[in-house]
Structures are given as structure tokens and as C-alpha cells.
Amino acid sequence: MRWSELPDISWRRFSSTYRRCASRRAKKHGARWFRHTRNAYYKGESGMRYRKAVATGAQDMAVDVQSGGAVPRTIRGVVRDLINVTKPGITMSNAMMTFVGIWLSAGRHPAFSLAMMTLAGSSLVVMGGCAMNNFMDRDIDQLMTRTKKRPLPNQRLSGWSVISLGALLAFLGVALLCVYVNLLSAVMALIGLFFYVIVYTGLTKRTTTLSTVIGSVSGAMPPLIGWTAMSGTLSTGAWLLFLFMFIWQPPHFWALSMRRVKEYAAARIPLLPVKYGFAPTKRQIVAWTVLLVPVSLLLYVAHVTDVFYLISALLLGGVWIVKALRGLRAKDDIAWATEMFKFSLIYLTGMAAAMVI
Ligand code: HEM
Ligand SMILES: CC(C)=CCC/C(C)=C/CC/C(C)=C/COP(=O)(O)OP(=O)(O)O
């Protein structure tokens with residue numbers, strides 16, 4: 001392959017030593033020297049390593065010219081990877097549900113600083129749990145297209161750095177809740193962490209089809225953290241929020257796992273569509289979605305939410321049930337599953353908004 005056919009790499013892709021030295025020379029001799037050096041770099045041994053990294057999908061790796069090893073490129077790149085292992089999307093949506101718990105428990109008037117401490121503590125624990133999950137799943141993440149470019153399977157971060165980050169974040173989160181919020185909310189966070197890291201990731205994800213339902217316990221804990229932070233107790237509203245979140249998760253994930261069934265099969269994860277196929281998975285999605293709607297209405301019946309919520313829950317729930325039922329006759333299962341996964345996120349965001357308005 002000619003160097004000119006290779007992807008254009010930016011100046012930042014070089015190691016820091018190389019860059020320091022090169023920038024001095026580049027300043028002196030200008031862009032011509034840069035082009036000349038890039039040619040030599042690509043053609044040489046280090047260039048071969050870079051090309052190999054590109055070929056194996058490790059496009060975010062830099063090649064240290066001195067050691068010949070692959071290292072994270074810039075501080076920005078490392079920080080980006082450290083943020084990535086904490087799963088920002090899942091952390092944000094869990095924070096949204098913690099906020100719902102805070103808001104409803106405090107009768108829509110939470111004390112600002114207490115609410116902030118709760119959100120920070122809860123999010124730190126979730127981020128810590130996600131980093132630990134990334135560490136424990138680094139082998140299977142390597143086998144799936146969706147996850148193989150993550151920092152650990154891609155070897156851009158070391159296992160030690162990720163597990164240490166996870167432990168540190170989780171410790172800080174629990175400590176924050178203990179010291180500035182209350183013990184019960186810290187216990188709720190610890191239960192969530194235990195279920196996510198030990199029970200789901202460690203014990204069940206690779207061994208049983210029930211892992212999805214078991215994992216749903218962890219995802220249902222954030223509203224309880226918010227609720228107990230404000231009221232110090234676990235009342236009916238808290239349990240109804242827990243139940244709502246618990247039932248929402250299996251259809252959310254089964255839809256995704258249908259879409260990614262080949263990858264999960266390759267990684268030997270015994271999910272419902274992998275072990276039993278699409279037809280039973282679709283029936284389960286319908287059953288859990290149909291169950292979710294009456295459970296969501298209980299929040300209105302128990303006077304936790306008001307009439308605006310009732311209308312929203314009926315509308316959003318109705319749409320989701322119709323979409324789910326269409327799946328039973330769908331010709332293109334993957335297209336249907338994709339739509340269901342996307343709608344699960346729209347549904348949750350809409351319901352959370354309706355709960356707080
Ligand atoms: C059994 C529990 C759950 C499982 C197995 C699960 C699984 C997943 C997976 C594998 C993805 C990645 C999708 C992709 O990259 O294409 C995802 C995305 C997402 N999930 Fe879940 N999830 C669960 C619970 C939750 C909970 C409790 C929330 C929110 C409160 C949530 C919110 C999201 C969001 C917002 C995304 C899209 C953003 C992202 O990929 O980071 N999930 N879920
Ligand atoms: C308080 C506390 C810590 C609560 C936990 C909240 C949380 C992280 C919920 C998500 C639950 C879950 C099973 C996600 C999928 O992980 P996965 O490993 O199947 O996803 P992946 O394949 O994308 O890594």
C-alpha cells in the first residue's frame with residue numbers, strides 16, 4: 001500500500017516525544033519538512049505498526065516512535081476514554097430517573113443543595129458501576145461490533161486504570177450520599193451497584209437468560225435513591241417507581257438484543273433471542289409492555305402524579321403497546337426491534353417529563 005492511500009493522520013497522532021521534536025523542526029523548516037517526515041514515518045517500521053493498528057480497528061491508537069508500542073495519544077484522548085467507560089448515556093438517563101424520585105418525593109419542592117448532592121452521589125455510583133462493568137466485560141466486548149472499539153478491548157486504557165476509576169467513583173458516590181444526604185439513600189445505591197456489578201455482570205450475564213430481568217433490579221434503584229434522599233423512607237410512591245422502571249427495562253433490552261442477536265451469539269451471551277429465537281422474544285416484549293401500562297397508571301391512582309401524567313401515560317403507553325403488537329406480524333423483525341428500542345427511550349423520557357411537570 002502506498003502512503004498516499006493511507007488515512008490522513010493528524011499531527012496529534014504522533015507520540016509526545018516525537019511531536020515535541022518534530023514541532024521544533026517543523027517550525028524551522030516549515031510544511032515541506034512535515035510532509036517529508038510523514039512519508040518516512042508511514043513507510044518505516046513504525047508506520048507498519050500504525051497501519052496494523054488501523055487494520056485491526058484500533059484507529060484511536062497512537063504509535064510511540066521511540067518504544068514502538070501503542071499508547072493513548074493525547075490527554076484529551078485519555079480523558080475521553082475515561083469518560084467513555086463510565087457510559088455517559090446510561091448515566092444521564094439514570095440521573096433523570098433519580099431526579100424523578102427526588103422531585104416526586106419532595107412534593108415538587110426539593111431543597112436545591114440536597115437535590116444536587118443526591119444527583120452527584122447517585123451518578124458517581126452509576127459511573128463507577130459502569131466502569132467496573134467495562135472492566136469485567138472486556139473479553140466479551142472484544143467480540144461484538146457495538147463494543148469492540150471501547151477503550152479496554154481496544155487496549156487504549158489499562159484494566160487497572162478502569163477498575164481503579166470504577167472503585168474510586170463508586171466510593172466517592174457512596175461517601176457523598178452517606179455524609180451529605182442520608183444512610184438509606186447510600187444503601188439504595190449500594191444495592192444497585194451490587195446488583196449491576198456482582199449479580200448481573202459477574203454472575204448472570206454469561207450464564208442465564210434471566211440476566212435481563214435480574215439486571216433490571218439495578219436499573220430500578222436510581223429513583224429509590226432520589227426518593228429516600230428526600231424523605232428518608234420507602235413509601236408506596238417509591239415502590240411504584242421501582243416497579244415501573246423494573247418492568248420498562250426488559251422490553252428496552254430485548255428489542256436491542258434482537259437487533260444485535262448475531263453479535264450476542266458470537267459472544268456466547270445466552271439472551272432470550274439468542275437461546276430461544278425471535279418469536280418468544282417478541283411475545284415477551286408484548287407481555288411486558290402491556291403490563292407496564294397499568295403499572296404506570298398506579299402512580300396516578302396512588303396520588304403520586306397528577307392528571308397530566310395520566311393522559312401522557314395513556315397516550316405514550318398506548319403507542320408503545322400498538323407498536324409492540326405490530327411486532328407479532330412484522331415481516332422485518334430487525335426493523336421492528338430497532339423501532340421498539342428507539343421508542344423505549346422516547347417513552348421513558350416522555351414519562352419522566354410527565355411525572356415532573
Ligand atoms: C436490564 C437493564 C438494561 C439493559 C440490559 C440495557 C442495555 C442497553 C444497551 C446494551 C445499550 C446500548 C445500545 C447501543 O449501543 O446500541 C443501551 C442503551 C441505552 N440504555 Fe439501556 N439497558 C438497561 C437499562 C437501562 C436503564 C435503567 C436506563 C435508563 C434509566 C437505560 C437507558 C439507556 C439509554 C439512554 C441508552 C442509549 C444511550 C447509550 O447507548 O448509552 N437502560 N441499553
Ligand atoms: C445505583 C446503580 C449502580 C445502578 C445501576 C444503573 C445501571 C447502570 C443500569 C443499567 C443496567 C444494565 C443491566 C445495563 C446493561 O449493561 P450491559 O453490560 O449489558 O451493557 P453493555 O453491553 O453496553 O456493556
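The values are calculated or read from the model by the stated rules, or taken from the named source; none is laboratory data. Every value quoted in this text rests on a predicted model; they were computed, and no experiment measured them. Every residue, glycine as well, gets a Cβ built from its backbone with ideal geometry; the counts of neighbours run over all protein chains shown. For the accessible areas, the whole protein counts, side chains as well, though only heavy atoms, and no ligand, DNA or RNA atoms are used. Shrake-Rupley method; radii C 1.70, N 1.55, O 1.52, S 1.80 Å.
Report Rg(Cα)/(2.2 N^0.38 Å) for region 235-357, keeping two decimals.
The reported ratio for this selection is 1.11.
Roughly what would the spin-label model give for ARG268 and VAL79, points 7 Å off Cα along C-beta, in nm?
The modelled label-to-label distance comes out at 4.1 nm.
Roughly how big is region 75-233's charge dipole about its Cα centre, with Cβ charges of +1 (Lys, Arg) and -1 (Asp, Glu), in debye to the nearest 20?
460 debye
Using a probe of 1.4 angstrom, how much of the accessible area of region 143-290 is carbon and sulfur, in percent?
Solvent-exposed carbon and sulfur of region 143-290 make up 68 percent of the total.
Restricting to DSSP loop positions (anything but H, G, I, E, B) with no more than 13 other Cβ atoms inside 10 Å of their own Cβ, which trypsin sites (Lys or Arg not before Pro) remain in region 112-159?
Sites meeting the loop and neighbour criteria: ARG146.
Counting only protein chains, not ligands or nucleic acids, how are ASP137, ASP306 ordered by accessible area (probe 1.4 Å), most first?
ASP306, ASP137
Within region 292-332, report the trypsin sites (Lys or Arg not before Pro) that DSSP leaves as loop and that have at most 14 other Cβ atoms within 10 Å.
Loop-located and lightly packed - ARG329, LYS331.
Just by accessible area at a 1.4 angstrom probe, what is the order of LEU348, LEU203 from largest to smallest?
Largest accessible area first, the list is LEU203, LEU348.
In debye, nearest 20, what is the charge dipole magnitude of region 139-228 about its Cα centre with +1 on Lys and Arg Cβ and -1 on Asp and Glu Cβ, if you could check?
The dipole of region 139-228 has a size of about 360 debye.
Go through HIS303, HIS252 and list them by solvent-accessible area, largest first, probe radius 1.4 Å.
HIS303, HIS252
Give me the extension gain from ILE214 to ARG108: residue separation times 0.36 nm, minus the current Cα-Cα distance, reported in nm with one decimal.
Gain in length upon complete extension: 35.0 nm.
Treating only the Cβ atoms of Lys and Arg (+1) and Asp and Glu (-1) as charged, compute the dipole magnitude of region 235-357 about its Cα centre; round to the nearest 20 debye.
For region 235-357, the charge dipole is close to 560 debye.
Restrict the search to region 186-275; then list the trypsin sites (Lys or Arg not before Pro) that DSSP places in a loop and that have at most 12 other Cβ atoms within 10 Å of their Cβ.
Passing sites in region 186-275 are ARG268.
Please report, to one decimal in angstroms, the Kirkwood hydrodynamic radius of region 75-233 built from all distinct Cα-Cα pairs.
Kirkwood hydrodynamic radius for region 75-233: 15.8 Å.
Enter the accessible area of THR145 (Å², nearest 10), with the probe set to 1.4 Å and all protein chains included.
Using a 1.4 Å probe on the heavy atoms, I get roughly 90 Å².
Convert each backbone phi in region 214-220 into a coupling constant with the Karplus relation 6.51 cos²θ - 1.76 cosθ + 1.60 (shift: θ = phi - 60°), then list the ³J(HN,Hα) values in order as whole Hz, x for Gly and Pro.
5, x, 5, 4, 5, x, 8
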